1. Beyond 18 Å, what percent of the Cα pairs of the chain remain?
2. Length gain on complete extension for the stretch Glu34 to Asn53, per 0.36 nm per residue less the alpha carbon to alpha carbon distance?
3. If I take R0 = 22 Å and measure r between the Cβ atoms of Trp9 and Lys120 in this structure, what FRET efficiency does the formula 1/(1 + (r/R0)^6) give, to the nearest 0.05?
4. Cross-link candidates for Lys120: which lysines have Cα within less than 18 Å, leaving aside residues fewer than 8 places away along the same chain?
5. For the chain, what does the helix formula give at 222 nm: sum of -39500 (n - 2.57) over DSSP H segments with n ≥ 4, over the residue count, nearest 500 deg cm²/dmol?
Amino acid sequence: MSNSHGSHWARPDLRLACYMRDEWACAYCGAAAEDGAALSLDHLQPRELGGGNEPSNLITACVSCNSARQALPLRAWLASLRDKGRDTKGLAARIRRLTAKPLDRAAAKKILAARKAAGKTDNQ
């Protein structure tokens, strides 16, 4: 069952605040927006398995990593990476560190308001 939500399932200020918290880089591989990586939000606990949209369940992921993970629970995905020879201790620690950081939704709202006042949309 496909559960594609596009970019409309998360409020723009939540999405922007998560990207800011995660330093505009994929938590899984480190690919950065400034280097051209297409970023998305990933649910650590997939929605299909009861995960919600709370910030502690959301992480920035590049489209490639997000697609590779699909709807696997995080533990199962990390186990599959270990089976392929990847050391996942640092990755798990990075995810815990990022999701423990507070979101600055007020700053995100200010940025979005400034963009709106300048006539820019989310696609610009």
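1. Percent of Cα pairs beyond 18 Å in the chain: 54.
2. Contour length minus the Cα-Cα distance gives 4.3 nm.
3. Approximately 0.50, to the nearest 0.05.
4. Straight-line reach from Lys120, under 18 Å: Lys109, Lys110.
5. -12500 deg cm²/dmol
The numbers here are math on the coordinates, done by the rules we state, and not lab data. Here the structure is a predicted model, which means the values were calculated and not measured. Using ideal geometry, Cβ is built from the backbone for each residue, glycine included, and neighbour counts are taken over all protein chains shown.
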